[in-house]
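Student: Dumping the structure here so I can ask a few things about it.
Just so it is clear, none of the values below were taken in a lab; they were calculated from the coordinates. Computed from a prediction, not measured in an experiment: that's the story for all the values here. Heads up, the Cβs are rebuilt from the backbone with ideal geometry, glycines too, and the neighbour counts pull from every protein chain shown.
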Amino acid sequence: MRLEPPVPEKALAAIRAPFLEAGASELDAPVLQPLGLLLDLAGEALRERLFVVQGEGGAEAALRPDFTIPAVTAHIESGRASGRYLYEGRAFRVAPRGSDRSEEFLQIGLEAFDADDVAKGDAEMAALAWRAAAAGGRDDLALLLGDVGLFGAFLDAVGLEGPLAARLTRAFASPRRLWAELDAAQNGELATARGGDRLASLLAGLSESDAAAVLEEIWSLAGIEPVGGRSAGEIVHRIAERASLARTARLSREQGELIRRFLAVGDAPKPAFAAIRRLAGPGRPALDKALDDWSRRLRALAAEGVPADRIRFSAAFGRAFGYYDGVLFEVRSAALGDDQPVAAGGRYDGLPRRLGAHLPTGAVGCMVRPGRAWIGRR
Amino acid sequence: MAEPLIFAIPSKGRLKDQVEAWLADCGLPLTASGGARGYQGAIDGFDDVQVRLLSAADIAAALHAGEAHLGVTGEDLLRELGDDMEARIRLLRALGFGRADLVVAAPKSWIDVESMADVDDVAHLYLARTGRRLRVATKYMTQTRAFFARHGVADYRIVESSGATEGAPAAGAAELVVDITGQQPQDRRRRRYPEQPGAAGREPGRSLGRSTDGCLPASAGYRRGAGAGPDDRQPRLARRTGCSRS
C-alpha cells in the first residue's frame, strides 16, 4: 500500500491559499461511499481503482476515490439552489499494477453548483487549478483544456445528425472505440443485416405501435417473459432506428476526413479554435456559440493570470470516468508526465440530476494533489 | 530434505472421476492414503508426490499461491485470478474434458440484441433513460471486465453472484448474465455467444496448471539437468508417454 510522502505545512498552505480566497463552505465528506452508487455513476471500469470494504452483514462500500459525489450529495441535502464547497482530505485509488503511484493521497478541491455563466465558471475553476498547482513550486506546468460537448457541436456543423451523430458522440470518451466507429461508418458497416434478423426486419416495416403490439403477441405465444426491464416499445424503437441507420448512416469521405482532422487538433487555443472554425466552414449555430464561449473563457483565463503560452487545447481530450459533460482540464507537469496530473477538473452538469437533485444547477469543480504539486517531492 | 511435489486434483463430482480415470489411463493410478475423509492421495511408485484433493476453485488459488506445484482445474477459474496469472501459472495442457463456454447471455425478449455492439448500444440507452447502468450478474468478475473492456462496453456494472446466476434477471437483480454453459438454457434465456468464442479465450476446458513460482528442487529427481530454465521444470507426469487423453 503506497502512502504519499507528507507535504510540508508551508507548501501546503501556499497550495491551499487560492482555494481559501475563492470562498466556499467547508465540506466534511465521509470516507466511506456506497459502492453501488459509485459504480452506477462511473461504470465498472472504476471498480479496478476502488478499495472496496464491507462490514459484517453490511452493504459494500468503497473508500472515496475523490470528493465529487460527496460534494454533490451534500449540496442536494442542503436544499439550496446554489453552493460552493471546499474540501481537503485523503482520497484512495488502487494503483495500476506495476506502477509506483500513491494509493492514499491528499486532495484539495472546490465544487461549485450554480446557474451562473457557464464560460465564466469554467474559466474560474481552471484558473484556480492553475494557481494552486503553481503554488507548489514547479515551473514546468501546462494547462490542457478540452471540451466534451464541442465534438457534438462539430458533428452538427459538418451535417451529421440523428442516430449516427449520437453514436459517434457516445464513443467520444474512448478513443479506440471512436476510431472504430468512424471507420465502420465510413465503410458502411454500421447496422448491417445479420442472420436471425428476420423478425427484426419484419417489425421494422410496421409502425412502431403496431410493431410493439406484434412483439408482445410473439412473446406471449412463445412463452417468453419480458425480463430485463425493456418494454416492447423500446425494443421496437431501437429496431426502427437501426433500420434507419442502415439506410442513411454512411459518413462521406469528406465528413470522415473533417472529423479526423478535428480530433487531431491540439495547439495553443487561438490557433486551435481557428483551425476548428476553418474545418467546420460557415453557417453552424451550435458550433458558433460553442466557439464564442471559448473566446470568453480564454479572455477570462488571461484576466486571471494564466500565462497564454502554457495553455493548450486538445479536441480529442476526454476522460474515461464519464460524468464530465462539458469543459475539462488538467494541469500537467513535464517532469511527472501525462498520467500523473497535478490538478484536474471540469464541468459535470448532468450529474446532480442523476443523484436526485430537483433544482436545476450547473456543476463544475477542480482539485489539486499537493503531493504532486510540491516540487520538493522529487 | 527434498520437498514433495504437491499435485492438486478435484475432490468431488464428475471432474474427480474423469481425472482419476485419466491418471489411470496414463499408468499413474491414484491410491487413497492418509485421512479418513479422503482428501489426500498418492501415486504408486512416486513416493515424493503428494496428491491433495481440493475444490476446483481452491486448486486455482493454491497454484497461484505456490501451495500446489501441479494441478488440474478449470481454465475459467484460473483466468479469474487476474492478469498476473500467466506470470505465476503455466497452463501445460488442455485435457479435453469438462469443457464449457463462458458466455454473455441476454433475455430472450431482447430480440434486437445479438452482439456485444448491441449490448453496448442498449447499455448506453438504458443509462440515458434510467440514469442507472445495466447490471451483469456473474461470479467471473475478472473475465467479464476484461471481455467487456475488449469490446468497448463501459456503461454497465457487475453484481456479484455466487450461485443461481441464471435466475438473476427473472429476480430483477440484473439484466445480463455471464456464466458458463453446460446445461440447457432456461426458456426465458437466450444464450449470446461472444462474437469469436475462440478468440475471446472462452473455452475453459479442464487443463493442467502448474505453479511457476515454486522451483522444484534438483534433488527430487524431477529435473533432467541441473539448470534452472523453464524446460527443466517440466514434470515428468505431463510428458509421460501412454497418456491417451489430451
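Student: With the alpha-carbon atoms as the only input, what is the per residue convex hull volume for segment B:7-98 in Å³?
Tutor: Working: hull volume 9.0 nm³, N = 92.
Value for segment B:7-98: 97 Å³ per residue.
Student: Which residue fluctuates the most in chain A, going by a Gaussian network model with Cα springs under 10 Å, if the choices are A:L199, A:L263, A:L145?
Tutor: Maximum fluctuation in the GNM of chain A, among the listed residues, is at A:L199.
Student: Taking the alpha carbon gyration tensor of segment A:112-165, what are the square roots of 5 times its eigenvalues, largest first, to the nearest whole Å? Present the calculation step by step, with values, prior to reporting the outcome.
Tutor: Values: eigenvalues 207, 52, 10 Å².
The answer is 32, 16, 7 Å, longest axis first.
Student: May I ask you to sort B:F148, B:F46, A:F273 by Cβ crowding, counting other Cβ atoms within 10 Å and putting the fewest first? Spell out each step's value before the answer.
Tutor: Working: B:F148 25, B:F46 16, A:F273 20.
By the 10 Å Cβ count, ascending, the order reads B:F46, A:F273, B:F148.
Student: At 0.36 nm per residue, minus the direct Cα-Cα distance, what do A:D288 and A:A95 gain on full extension? Give it in nm, one decimal, please.
Tutor: On the way: separation 193, 0.36 × 193 = 69.48 nm, distance 4.10 nm.
My answer for the length gained is 65.4 nm.
Student: Counting other C-beta atoms within 10 Å, which of A:F67, A:F317 has the fewest, and how do the rest follow?
Tutor: Details: A:F67 25, A:F317 18.
By the 10 Å Cβ count, ascending, the order reads A:F317, A:F67.
Student: Same structure, new question: With charges set only on the Cβ (+1 for Lys and Arg, -1 for Asp and Glu), what does the dipole of the protein assembly as shown come to about its Cα centre, in debye to the nearest 20? Write out the running numbers ahead of the final one.
Tutor: Values: 82 positive and 83 negative charges, 219 e Å.
Here the size comes out at about 1060 debye.
Student: Follow-up. So which GluC sites (Glu not before Pro) in segment A:28-66 are both in a DSSP loop and have at most 10 other Cβ atoms within 10 Å of their Cβ?
Tutor: Working: sites: A:E44, A:E48, A:E56, A:E60; in loops: A:E56.
Qualifying residues, ordered by number: A:E56.
Student: Radius of gyration and Dmax for the protein assembly as shown's Cα atoms, expressed in Å?
Tutor: Considering the protein assembly as shown through its Cα atoms, Rg and Dmax are 28.7, 86 Å.
Student: Shifting gears a bit: For segment A:241-293, what is the largest minus smallest coordinate of the Cα atoms on each principal axis, given in angstrom and ordered from greatest to least?
Tutor: Extents along the principal axes: 41, 21, 16 Å.
Student: Additional query: Exposure proxy check: B:K16, A:K10 ranked by fewest other beta carbons within 10 Å?
Tutor: Values: B:K16 16, A:K10 8.
Final ranking by Cβ density, sparse to dense: A:K10, B:K16.
Student: For chain A, set up a Gaussian network in which alpha carbons nearer than 10 Å are linked by springs, and say which option among A:A22, A:A344, A:A112 fluctuates the most.
Tutor: A:A22
Student: For segment A:105-260, report the translational diffusion coefficient in µm²/s to the nearest whole number, using Stokes-Einstein at 4 °C, 1.567 mPa s, and a Kirkwood Rh over Cα pairs.
Tutor: Working: Rh = 19.8 Å.
Diffusion coefficient, whole number: 65 µm²/s.
Student: Wrap a convex hull around the Cα atoms of segment B:53-124, take a quarter of its surface area, and give that in square nanometres. Write out the running numbers ahead of the final one.
Tutor: On the way: hull surface 28.2 nm².
Over all viewing directions, segment B:53-124 projects a mean Cα-hull area of 7.1 nm².
Student: Just A:P18, A:P70, A:P34 to compare: in a GNM of chain A, with alpha carbon springs under 10 Å, which one fluctuates most?
Tutor: For chain A, modelled as a Gaussian network with Cα springs under 10 Å, the answer is A:P34.
Student: Roughly what would the spin-label model give for A:R310 and B:E20, points 7 Å off Cα along C-beta, in nm?
Tutor: Those two pseudo-labels are separated by 7.3 nm.
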